[in-house]
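Participant: Take this structure, written in structure tokens, and hold onto it; I'll ask about it next.
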Amino acid sequence: MRFDIKTAPMNTTWKAMLDVWQEADRIPLYDTAWNFDHFEPIFSDRSGPCLEGWTMLAAMAGLTSRIRLGCQVTGMPYRHPAVLANMAATIDIASGGRLVIGLGAGWNADECTALGIELPPLKERFDRFDEGVEAIVRLLSSGDGEQVNYDGRHVQLRDAWFEPKSVQRPHPPIAIGGSGEKRTLRTVARFAQHRNAIVPDADHWRAKRDVLHRHCADVGRDPSEIECSVNVWVTPDADPGAVAASCATWKDAGLDVIVLYMATPHSPAILGPLADELASLAS
């Protein structure tokens, strides 16, 4: 099992998040640092501060040296897939090949209504998501001197050049968030190297895993190529031993990755003691 961290860039400060990410960068146990992709705080006062996720990743790329970087997860309706692919390649280059591309179909109707962003009905949203993921993968995976074409209903590419290439080839890992059995998990089976799930317990996770494995069989994919993660909430005053005990139950269930979701106020102080408690699970 490996361990990541996540700081939502809401109701916090840039310095607080930078302190956490740089401390995690110094501790070998932590593999990836994640943020999120919203323009207003979620599940709280919408008038609070909220920094933009992808520009944060670009800045963190220059202020860290080892830890991988990702957005958990990017809302597909917020950016054209071709623009997002170019953003991803740029950050992968700037970070020396440390980007993970987190992708999701999008869900926040209040945010979209407030900002004038189109959030299509559910079926169309997932149709657009499937096409968007495929277009991003095709662009990032294009060969030297190759132009890219894609003729989807919602996404079209016409003799598109994609330069420069990302450092990671054929493309940075794709991490898809969600557990929808009919659409999301099938897209995971087709394209993803990582799946993040929000589930109440290990039994629910195992049930979703079994669905994913069936989709993998349908598309001819080895499910071992897809690592699976869940998030574990960590408050600033959490007992590191108790957090480790919770993580141990997920390891027993077969999870590959635990994302330690750091609650506000963000502080790097807990990361060292947590790493000491979690080290035995990572071995």
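The values are calculated or read from the model by the stated rules, or taken from the named source; none is laboratory data. Being a predicted model, the structure only gives us computed values, none of them experimental. Cβ coordinates were reconstructed from backbone atoms using ideal geometry, including for glycine residues, and neighbour counts include every protein chain displayed. Only protein heavy atoms, including side chains, enter the accessible area calculation; ligands, DNA and RNA are left aside. Shrake-Rupley method; radii C 1.70, N 1.55, O 1.52, S 1.80 Å.
Participant: Report, as a whole number in µm² per second, the diffusion coefficient that Stokes-Einstein gives for the stretch 197-240 at 4 °C and 1.567 mPa s using the Kirkwood radius over alpha carbon pairs. The partial results should precede the final answer.
Facilitator: On the way: Rh = 12.4 Å.
For the chosen part, D equals 105 µm²/s.
Participant: Give me the 1.4 Å probe accessible area per residue for the chain, excluding ligands and nucleic acids, in Å².
Facilitator: Values: 12220 Å² over 283 residues.
Value for the chain: 43 Å² per residue.
Participant: May I pose another question? Roughly what angle does helix 81-94 make with the longest principal axis of the chain, taking Cα atoms, 0 to 90 degrees, to the nearest 10?
Facilitator: The answer is roughly 50 degrees.
Participant: Same structure again: If R₀ is 45 angstrom, what is the calculated FRET efficiency for the pair residue 110 and residue 276, using the beta carbon separation as r and rounding to 0.05? Don't jump to the answer; show the numbers that get you there.
Facilitator: Numbers: r = 41 Å, r/R0 = 0.90.
Computed FRET efficiency for residue 110 and residue 276: 0.65.
Participant: Something else about it: Considering amide H positions built from the backbone, and no H for Pro or chain starts, which residues 5 or more places from residue 69, or on another chain, come under 5 Å of its amide H?
Facilitator: It is 33, 99, 100, by chain and number.
Participant: Considering only protein heavy atoms, what is the solvent-accessible area of residue 235 at a probe of 1.4 Å, reported in Å² to the nearest 10?
Facilitator: Its heavy atoms expose roughly 50 Å² to the probe.
Participant: While we're looking at this one, here's another question. For n ≥ 4 DSSP H runs only, could you compute -39500 (n - 2.57) per run for the chain, divide by its residues and tell me the 222 nm figure to the nearest 500?
Facilitator: Details: 9 runs with 117 residues, N = 283.
The helix-only estimate for the chain comes to -13000 deg cm²/dmol at 222 nm.
Participant: Just to verify a number: FRET efficiency for residue 263 and residue 153, C-beta to C-beta distance, R0 = 41 Å, to 0.05? Display every interim value, and only then the final one.
Facilitator: Details: r = 41 Å, r/R0 = 1.00.
Once rounded, the FRET efficiency stands at 0.50.
Participant: Same structure again: Residue 207 to residue 79: extension gain in nm, 0.36 nm per residue of separation minus the Cα-Cα distance? Kindly include the intermediate steps, with their values, before the conclusion.
Facilitator: Numbers: separation 128, 0.36 × 128 = 46.08 nm, distance 3.23 nm.
The span from residue 207 to residue 79 would gain 42.9 nm if fully extended.
Participant: With the alpha-carbon atoms as the only input, what is the per residue convex hull volume for the stretch 101-179 in Å³? Each step should come with its number before you reach the end.
Facilitator: Working: hull volume 9.1 nm³, N = 79.
Cα-based convex hull of the stretch 101-179, divided per residue, equals 115 Å³.
Participant: Another question, then. With angles folded into 0 to 90 degrees, how steeply does helix 122-141 sit against the dominant principal axis of the chain? Use alpha carbons for both and round to 10.
Facilitator: Once rounded, the angle reads 90 degrees.
Participant: I would also like to ask the following. Out of the DSSP beta bridges found with both residues in the chain, what percent are antiparallel (nearest 5)?
Facilitator: Working: 4 of 36 bridges.
Percent antiparallel among DSSP bridges in the chain is about 10.
Participant: Principal axes first, then extents: for the Cα atoms of the stretch 4-156, list largest minus smallest coordinate on each axis, whole Å, largest first.
Facilitator: For the stretch 4-156, the Cα extents along the three principal axes come out at 45, 43, 20 Å.
Participant: For the ranges 273-279, 97-103, what's the packing order if you count other beta-carbon atoms within 10 Å of each residue, average per peptide, and put the highest first?
Facilitator: Values: 273-279: 18.1, 97-103: 25.0.
So the order, starting with the most tightly packed, is 97-103, 273-279.
Participant: Suppose every K and R has +1 on its Cβ and every D and E has -1 on its Cβ; what is the size of the dipole of the stretch 1-123 about the Cα centre, in Debye to the nearest 20?
Facilitator: About 340 debye.
Participant: Hey, how much of the P(r) for the stretch 1-94 falls beyond 18 Å, as a percent of Cα pairs? It would help to have the intermediate numbers written out before the result.
Facilitator: Numbers: 1988 of 4371 pairs.
Tail of the P(r) past 18 Å holds 45 percent of the pairs.
Participant: Also, I was wondering about something else. Rounded to the nearest 10 Å², what accessible area does residue 206 have for a 1.4 Å probe in the complete protein model?
Facilitator: 80 Å²
Participant: Now for a different question. Counting only the heavy atoms of the protein chains, how much of residue 210 is accessible to a 1.4 Å probe, in Å² to the nearest 10?
Facilitator: So the heavy atoms of residue 210 present about 70 Å² to solvent.
Participant: Could you give me the ³J(HN,Hα) list for the stretch 2-16, computed from phi with Karplus coefficients 6.51, -1.76, 1.60 and θ = phi - 60°, whole Hz, x at Gly and Pro?
Facilitator: Going residue by residue, I get 10, 10, 10, 10, 9, 10, 6, x, 10, 6, 8, 10, 4, 4, 4 Hz, with x marking Gly and Pro.
Participant: State the answer as a single residue: which of 160, 171, 35 lies farthest towards the positive end of the charge dipole of the chain, with beta carbon charges of +1 for Lys and Arg and -1 for Asp and Glu, about the Cα centre.
Facilitator: So the residue we want is 160.
Participant: Dividing the Cα convex hull volume of the chain by residue count, how many Å³ per residue is that? Intermediate results must be reported in sequence, preceding the final value.
Facilitator: Values: hull volume 36.2 nm³, N = 283.
So the per-residue hull volume is 128 Å³.
Participant: Another question, if that's okay. Could you work out the pair-distance distribution P(r) of the stretch 155-269 from its alpha-carbon pairs, with 5 angstrom bin width and percents rounded to whole numbers?
Facilitator: Bin by bin from 0 Å, the calculated values are 2, 10, 17, 17, 15, 13, 11, 7, 4, 2, 0, 0.
Participant: Residue-wise, which Karplus ³J(HN,Hα) couplings in Hz belong to the stretch 259-274, taking 6.51 cos²θ - 1.76 cosθ + 1.60, θ = phi - 60°, and x for glycine or proline?
Facilitator: With the stated coefficients, the stretch 259-274 comes to 9, 7, 8, 7, 6, 7, x, 5, 8, x, 4, 7, 5, x, x, 4 Hz.
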